[in-house]
1. Could you say whether any residue in the range B:353-363 is in contact (Cβ under 8 Å) with a residue 40 or more places away in the chain and in contact with a Pro (Cβ under 8 Å, 6 or more places away or on another chain)?
2. Of the conditions (1) crowded, with 23+ Cβ neighbours inside 10 Å; (2) free of Cβ contacts under 8 Å to residues at least 60 places away in the same chain, A:A444 satisfies every one except a single condition; which number is it?
3. Among the numbered conditions (1) in a loop (DSSP other than H, G, I, E, B); (2) touching a Pro at 6+ places or on another chain (Cβ under 7 Å), tell me where B:S293 comes up short.
4. Which one is farthest from A:N504 (Cα to Cα), of the residues in the range B:449-470 that are more than 7 Å from chain A (Cβ to nearest Cβ) and more than 15 Å from the chain's Cα centre (by Cα)?
5. Please verify whether B:A253 is in contact with a Leu (Cβ under 9 Å, 6 or more places away or on another chain) and either among the β-branched types (V, I, T) or at negative phi (or both), treating the condition exactly as stated.
6. Being surrounded by fewer than 23 Cβ atoms within 10 Å (Cβ to Cβ) and touching a Ser or Thr at 6+ places or on another chain (Cβ under 7 Å) is true for just one of A:G419, A:G461, A:G451, A:G457. Which residue is that?
7. Of B:G525, B:G461, B:G486, which residue is over 30 Å from B:G289 (Cα atoms) and out of contact with any Gly (no Cβ under 7 Å at 6 or more places or on another chain)?
2 protein chains.
Amino acid sequence: MKIEGLSLLGPARGQRGGKKFTAINPASGEVLPGEFHSAAGEEVETAAQLAAEAFTVFSQSSGGKRAALMNRIAELLEVHEKAIVTRANLETALPVARLQGELARTCFQLRFYGEAAATGLCSGARIDHADPGRKPQPKPDLRSLLRPLGPVAVFGSSNFPLAYSVAGGDTASALAAGCPVIVKAHPAHPGTSEITGTLVQQAVREMGAPAGIFSLLFDDGFEIGAALTKHPLVKAVGFTGSWRGGRALMDLAAARLEPIPVFAEMSSINPVFILPEMLRQKPEELAAGLHASGTLDVGQFCTNPGLVFVTVGGAAKIFLQKLENLMGATPPGTMLTAGIGAAYRAGVEKFSRVPGVRHHTQRIQKGTSATGDSQAGAALFVTDEKTFLANPGLMDEVFGPSTLVVECASARDMPAIAGKLKGQLTATVHASMEELAANHELFALLETKAGRLIFNGFPTGVEVCHAMTHGGPYPATADGRSTSVGTRAIERFLRPVSFQNFPNAALPDELKEANPLGIWRLVDGRGKI
Amino acid sequence: MKIEGLSLLGPARGQRGGKKFTAINPASGEVLPGEFHSAAGEEVETAAQLAAEAFTVFSQSSGGKRAALMNRIAELLEVHEKAIVTRANLETALPVARLQGELARTCFQLRFYGEAAATGLCSGARIDHADPGRKPQPKPDLRSLLRPLGPVAVFGSSNFPLAYSVAGGDTASALAAGCPVIVKAHPAHPGTSEITGTLVQQAVREMGAPAGIFSLLFDDGFEIGAALTKHPLVKAVGFTGSWRGGRALMDLAAARLEPIPVFAEMSSINPVFILPEMLRQKPEELAAGLHASGTLDVGQFCTNPGLVFVTVGGAAKIFLQKLENLMGATPPGTMLTAGIGAAYRAGVEKFSRVPGVRHHTQRIQKGTSATGDSQAGAALFVTDEKTFLANPGLMDEVFGPSTLVVECASARDMPAIAGKLKGQLTATVHASMEELAANHELFALLETKAGRLIFNGFPTGVEVCHAMTHGGPYPATADGRSTSVGTRAIERFLRPVSFQNFPNAALPDELKEANPLGIWRLVDGRGKI
């Protein structure tokens, strides 16, 4: 597939003439083929207008039609797997096998969310029948369902060039909801974005969907993303990235004449609490599990376990020795971009300078010109709870393969420490059955801090299912009432609309008395199919 | 019940010493008994600390326990109906019968939302079973449910001194969700607020609920409300009032270190579209219905129909003549406060000055010193679509018994006009069955503009049920994805939390395999009880 380097505006290609940029291979520092043209301000306008026009038809299309479109996107991605994975590997240095898995996940997501749209899973249909004889006033017939918000701006993430980028989770959620999507491509993988976007565009054309439901805008700066977020026709934003980037979008969206919701998944250190009995039972196995979770794909996961609490003692020593050995033996890896590599090294250096923090690995390497400063070695830090609590900077995310282990005097201190943590995507507890039963306070506290609690497992690996919450209180996400993974993610882009005293024939199918779609509905307060 | 004039801080009374204010009888201009002490900044701190402490226990209490508390509050309100209604009537000039009805609604709401908590209606329980044999990776067991956000700040509204004030819809939603509540009392009905608040406090004590789940703060300025909204322990805001007030809270909340959601119900003119055939069939009946809806309780409803579209012609003449007669014969009424009366008169004067707008009633009266400037007469304005579209100020809400009728050249123009409207709580269409079928475009457009569509009815009268949406796109509300009436209002104060690979015994009851609470759940993608 030839790379043109132009934005996609509904059915058409964008113009040349914008600021140009290229993709860099982070493993070699080399410039990759293809010259990308940043979109112009008027192209944001065009994309928004196209999306708003398309919304009129797309918002009224059936869930089944939307599912068919999403299935076709998945098919085309599968057909072009080789081109996508090859380019993504060059642009991100993520291994081919990982990218193949990520593509499969992307396609699964599209089909799964499409199925949710087709089966009315997210229709939220509710019916309250009239009661004309009710005193003092007759009760009207009221029926409600969830309807799409309007055009959604999606910001591709750097660390999931497929599953949370152009045709990723936010796009799939928005399309399933009936919302047109305008993607701001991540400048670290523009070629992957263009290939993927072109396939989405093709699927839209083939399936006869309104052409304006998908646009893709290039820019290696912040202007186009900001303009998109501020555009009056854009009604919501989906974002995965840094806290700084997410917060900037939140602030822009909140300052609009019409504020809009921003669903930004931003920053999490994913604390792991290891209770003493469990630590005694398998210190080395826990160290191995944590090491694997924390260094997977150079630690570039939102759910990377960056903070581990253990109780001080003999078992902790064995655990730390093993973890130190494993981290020390981990070869350096190539991070997604030179900028991410530099930020990682700066974070590691910041931690190293905190008095009372032991720095257990020497694998931090400065990049060379040949590797474009993208190399990163695993870093292990160890400290005690006092030092941890006295240095709030130790709660900052260091995006990459860095883990801080905090030795607590007693498991009884853990709830108080948990209470000091910021919002997280996940919180993990390793405990024996007795410890699980005896530490209700810790679990209750963690529930207020994280979107997902994991028992005797590791936080990486985010299952795409109905019960997943990949969200959490701020600053993990912009709005802790949301998830960006799982079918609940679709609800972010929906709003309830009620119909009062409408004749049956004029109601949306979801609300017709006979339930022609056969969906689950809340009828007079009871769940019914 | 003696009025002390002091804030309520959990189980205790607040201090004296703050800026003092009194309640005014808007019908007479007289000062009512009782001197109210504005809360001090440190009382905000105390209330927030008490709420956060109480949250630990309250958030983990069963829905049944919360329902019992809410039932007890309703009982106490009923026992003290006379005291509440008498004082509310003096403070608001709303008729006794209306206030009795509002009290009944308030109690119904408390019981209804409590029942939703008890039966797990808003638990959002989802279960995805594990699949250890799945390739390439085993599928974990994931279960999720909705959990409370934390302490909620509730701002009492002026126009519903019972149903959307101290023990009103926002408070009932938050308590049902498991969130402690700190109410900022509306200064226009402080006595009613104190009586109600004292009964809530009594119920909390009697039922053994954590004392910090309810506080009530007085202030006749903006400082306490602002401090509450900015307090780090407050996790959400519920508000019903003006656009200016709501937007100020939204901006404060968005600028916090940790931004929080604000659910503000603010401003709506509730457009009514009368299609020509329907207008021909019953012009006088429609005029009478609109007049009744628009002047009820001096037009002081969020869902007051302030804007009506008809097609020009003979039927419109009959309709307008009837409406003019009815409006002209409407005696002036007493508005909630002198300030609201003044704002109403200013709004009416603004409309009167627009060239091309006919002013059909003379009933606008300046207040006298005896009536405290609270008197308002019904106002009817008539214009054509061109003038309407050329003067965006005519889309502003005039809170009170004012209605603007816009004569359109043709019903075919209505969708384009609807497309120009801002977000609304409701949109109403009067149409024959043929017109209903032929005007899909109009209905599809209105669906994007309003939270509730009404067919051949009137917007006032907001049913408290499962399928109600009392919300709508900005500026009708801060977040068009929410409703402040109906059981869906509870969800505003909830967030999803997932449990991964937890042993059955350690799961919340809502998620235990055997479904001990007998609630509806989404199990492996299918609804089940």
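The values are calculated or read from the model by the stated rules, or taken from the named source; none is laboratory data. Because the structure is predicted, anything quoted here is derived from the model rather than measured. We place every Cβ from the backbone using ideal geometry, glycine too, and count neighbours over all the protein chains shown.
1. At the first step, the residues of the range B:353-363 found to be in contact (Cβ under 8 Å) with a residue 40 or more places away in the chain are B:354, B:357, B:360.
This time we only want the ones that are in contact with a Pro (Cβ under 8 Å, 6 or more places away or on another chain), so: none.
No, there is no match, as no residue in the range B:353-363 is in contact (Cβ under 8 Å) with a residue 40 or more places away in the chain and in contact with a Pro (Cβ under 8 Å, 6 or more places away or on another chain).
2. Every condition holds for A:A444 apart from (1).
3. Failed condition: (1).
4. In this case the residue turns out to be B:K449.
5. Values: in contact with a Leu (Cβ under 9 Å, 6 or more places away or on another chain): no; either among the β-branched types (V, I, T) or at negative phi (or both): yes.
No: the conditions fail for B:A253.
6. Numbers: A:G419 fails: touching a Ser or Thr at 6+ places or on another chain (Cβ under 7 Å); A:G461 fails: touching a Ser or Thr at 6+ places or on another chain (Cβ under 7 Å); A:G451 fails: surrounded by fewer than 23 Cβ atoms within 10 Å (Cβ to Cβ).
Among A:G419, A:G461, A:G451, A:G457, only A:G457 is surrounded by fewer than 23 Cβ atoms within 10 Å (Cβ to Cβ) and touching a Ser or Thr at 6+ places or on another chain (Cβ under 7 Å).
7. Values: B:G461 fails: over 30 Å from B:G289 (Cα atoms); B:G486 fails: over 30 Å from B:G289 (Cα atoms).
Being over 30 Å from B:G289 (Cα atoms) and out of contact with any Gly (no Cβ under 7 Å at 6 or more places or on another chain) holds for just one of B:G525, B:G461, B:G486, which is B:G525.
Per-residue answers, yes or no, for (1) under 17 Å from the mean Cα position of the chain (by Cα); (2) buried (at least 24 other Cβ atoms within 10 Å of the Cβ); (3) under 30 Å from B:G472 (Cα atoms):
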| residue | (1), (2), (3) |
| --- | --- |
| A:T192 | no, yes, no |
| A:I195 | no, no, no |
| A:T198 | no, no, no |
| A:F214 | no, yes, yes |
| A:V237 | yes, yes, yes |
| A:L249 | yes, yes, yes |
| A:R256 | no, no, yes |
| A:I269 | yes, yes, no |
